[in-house]
Amino acid sequence: MALTHSPSVAVVLPGTGSDAHFVDHAFRGPLSARSVRTVAIEPDPRRVVGSYLDAMDAAATEYGKILVGGVSIGAAVALQWAALNPDKTSGVLAALPPWTGAPDHAPAAASARFTSSQLRSEGLESVIAAMLASSPAWLGRELERSWRSQWPDLPAALDEAATYCSLTEAALTEIDVPVGIAIALDDPVHPATVGYEWAAALPRAEVGTLELDQIGHDAAILGATCLEALTAAGFSQPPRAPEVNVSY
């Protein structure tokens, strides 16, 4: 029989109100090209951050050292986990970082608070209709699917995200694993300045840039941009072990 080394594993986490479908689309193709298996996590809207941390803990227990990453708050939580588990982390894929430290006046947190308030006062159907009318078609399709799947717990999930404290710049300076950051230069909700802040504070980080229309054309550009930046930051994937043939 043939015994082969298992591929590396990356655990990827959705952004606020998003779902596993989107992060899977964003990361699976680029990671597969590197022989890395993607594990996309479906958030529990009743405890988003806790469900993410549990998923990374479980994956590290099962697979050993892993890549972690995500989009927006998913990227922030992945970086938090990496800071707490450097011996279990081979690198971080951070797409569209939302804020540094406390959310305070961050656009992404303000958007989450506003949407939560509207959902509670106007209801899901009304808010989805308004969102579809004001969003690019690709984003509207993604959010309509994920919002419906997380209802009626969606407002609580958005409130949790809006109060989540990301790592401070001081804490970022202590992380010694490579981090690949992808920013969208024209994204008002996830300002490019946040990604550059993270990269300036992290000892081993690089930034790759793109635009929102590129994500709409193919979300895999997010994963590819993160991976290119991660490689530039010094990530080196362990080589696959040679196949061993054993005869009986």
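Every number here is computed from the coordinates shown, using simple stated rules; none is lab data. Keep in mind that what you see is a predicted model, and the values were worked out from it rather than measured. Positions of Cβ are backbone-derived with ideal geometry, glycine not excepted, and every protein chain shown enters the neighbour counts.
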Rounded to the nearest 0.05, what FRET efficiency do Leu132 and His217 give with R0 = 22 Å and r taken as the Cβ-Cβ distance? Could you check? 0.70
Which angle from 0 to 90°, rounded to the nearest 10, does the C-alpha axis of helix 107-122 make with the longest principal axis of the chain? 50
Pseudo-spin-label distance Asp57 to Asp104, built 7 Å along Cα→Cβ, given in nm, is 3.1
Taking the Cα centre as origin and putting +1 on Lys and Arg beta-carbons and -1 on Asp and Glu beta-carbons, what dipole magnitude results for the chain, to the nearest 20 debye? 460
Can you give the calculated 222 nm mean residue ellipticity of the chain, where each DSSP H run of n ≥ 4 adds -39,500 (n - 2.57) and the sum is split over every residue, rounded to the nearest 500 deg cm²/dmol? -15000 deg cm²/dmol
Kirkwood hydrodynamic radius of the stretch 114-248 from all distinct Cα pairs, in Å? 17.9
Note down the magnitude of the dipole of the stretch 162-236 about its Cα centre, charges +1 on Lys and Arg C-beta and -1 on Asp and Glu C-beta and zero elsewhere, to the nearest 20 debye. 180
Provide the gained length on full extension for the span Trp151 to Thr173, in nm with one decimal, where the gain is 0.36 nm per separating residue minus the Cα-Cα distance. 4.1 nm
For the stretch 135-205, what mean projected area does the convex hull of the alpha carbons give, in nm²? 6.1
Taking 8 Å as the Cα distance limit and 6 or more residues as the minimum spacing, I'd like the relative contact order of the chain as a percentage. 25
Taking the Cα centre of the chain as the origin and placing charges on Cβ (Lys, Arg +1; Asp, Glu -1), which of Ile66, Val92, Ala171 is farthest toward the positive end of the dipole? Ile66
What are the semi-axes of the equivalent ellipsoid of the chain, taken as the square roots of 5 times the eigenvalues of the Cα gyration tensor, listed largest first and rounded to whole Å? 31, 20, 17
